[in-house]
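No lab work stands behind these numbers, since they all come straight from the coordinates. Being a predicted model, the structure only gives us computed values, none of them experimental. Please note: Cβ atoms are built from the backbone with ideal geometry, for glycine as well, and neighbour counts cover all protein chains shown.
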Amino acid sequence: MREPVYYSGSAEFFDTHAHIYDQKYAECNTSAEDILQRCRASGVTSMLIAADSEETSRLAIDLANRCDGYSGVALYASCGVHPHEAKTYTEDTEKYLRSCLEARREQKIMALGEIGLDYYYDLSERSVQKAVFERQLGLAYEYDVPIILHERDATGDCLDILRRFYKEGRMRSLPGVCHCSSCSLEASQELIKMGFYLGFDGPLTFKNNKKTPEVALNTPWDRIVIETDSPYLTPEPNRGCINEPCHVPYVCSKLAEIKGVTIDEAAQITYDNGKMLFGVN
Ligand SMILES: [Zn+2]
C-alpha cells in the first residue's frame, strides 16, 4: 500500500522524467488523469513525459498536448530512440524525429531522448547503439534542443562520443541532462564541465546506495534536476509499488537532506533548473 500524499507545503515540483504512458498503468487501471490528480495533490505542477522509441514518442507527444494543464499540471514531451531500441532505427525513424523537431514549439517537445548507450542489457549491438546515438546527437545540435542521456555500464564509450561532439563545437552550451545519474564522481564532473545537468531519482533514496548521494553532494546546485522515471525506480518508502510522479517529493526531500537545505528550497531550485534546462517559460 502506497504511503499517503507526502507533501502538503507550498513548494512546486518539476518531475523532469516520467513515462506515464507506460502499459503498466493500464494494467493497474490507472489513467493519466488519475496520475495528474495525484501530482497536483503532492505539489508536482510540471512534468516532462520522456519517450524511448518512435511509438512512445507518439504517445508522449499526444499526452503532453491532450492533457496539458489537467489538474493544474503543465506537461512537456520528448521524442527519441533509446539504445535498447537502436536496432529499430531507420531512415524513416529519422524522418519522423525530424518532423517532430520541426514542430517542437507547437507540439511541446522540449528535448531529444532518451538517447545514449546501454551495455548492461545490450539489447542492440554496441556498434549500432553508438551509430544511432551519434545520429541523434547530430539532430539535437541541428535543431538546438537538449538531450536526455541514458547511460548504463557504458561510461567510457559514452564520454568518448560526447567529448568528440564537444570538441568539434557540435554541442549546445546546455547540452542536456544525464538522466538517472549513476556514473562515477569523476565522470559526473566531466559531464558537468561540458554543461550537462544531472537527474536524480529513486536510487538516491535507496539505503544501500552510497555512490549517488556522494555525486549529488558534489554537484553544483545549478546542475541538478529531479525525476521519477515512473513507473520504475520507486523511491523509499514506497519501494516495491509502481512509481508515479507524485513521488518526486521523496527524491527532493533526500536531496535537501544531503545538501543541508529545506525541501522548499530544494524544490524551488530544481524547479527553476528544470525550466532552464528545457527552455520552459
Ligand atoms: Zn526513462
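General observations
- Listed by chain and number, the lysines whose C-alpha is less than 21 Å from the C-alpha of residue 207, apart from same-chain residues fewer than 8 away, are 254, 259.
- Using 0.36 nm per residue and subtracting the Cα-Cα separation, the extra length available between residue 103 and residue 280 on full extension is 62.1 nm.
- Under 16 Å from the Cα of residue 87 - aspartates and glutamates, other chains or at least 8 residues apart: 52, 54, 55, 114, 118, 122, 125, 134
- Rg/Rh ratio calculated on Cα atoms of the stretch 200-281 (Kirkwood radius): 0.95
- Under 18 Å of direct C-alpha separation, and excluding same-chain neighbours fewer than eight residues apart, residue 108 reaches these lysines: 275.
- Ranked by how many other Cβ atoms sit within 10 Å of their own Cβ, fewest first, the residues 28, 183 fall in the order 28, 183.
- Taking the fewest neighbouring Cβ atoms within 10 Å as the starting point, the ordered list for 24, 254 is 24, 254.
- Shape index of the chain: Rg/Rh, with Rg the Cα radius of gyration and Rh the Kirkwood radius from the inverse mean 1/r over Cα pairs, equals 0.94.
- Mean Kyte hydropathy of 0.0 or more with a Cα span along the axis of at least 15 Å, helices from DSSP in the chain: 248-259
- Normalised contact order of the chain, rounded percent, pairs of Cα under 8 Å and 6 or more residues apart: 20 percent
- Here is the short version for the chain: 28, 39, 67, 158, 178, 180, 183, 241, 246, 252 have no other Cys C-beta closer than 4.7 Å.
- Label-to-label distance, residue 123 versus residue 135, with points set 7 angstrom from Cα along the beta-carbon direction: 1.7 nm.
- For the options 47, 194, 110, a Gaussian network treatment of the chain with springs between C-alpha atoms closer than 10 Å singles out 194 as fluctuating the most.
- Neighbour count of at most 12 Cβ within 10 Å plus DSSP loop: longest GluC sites (Glu not before Pro)-free window in the chain: 1-124
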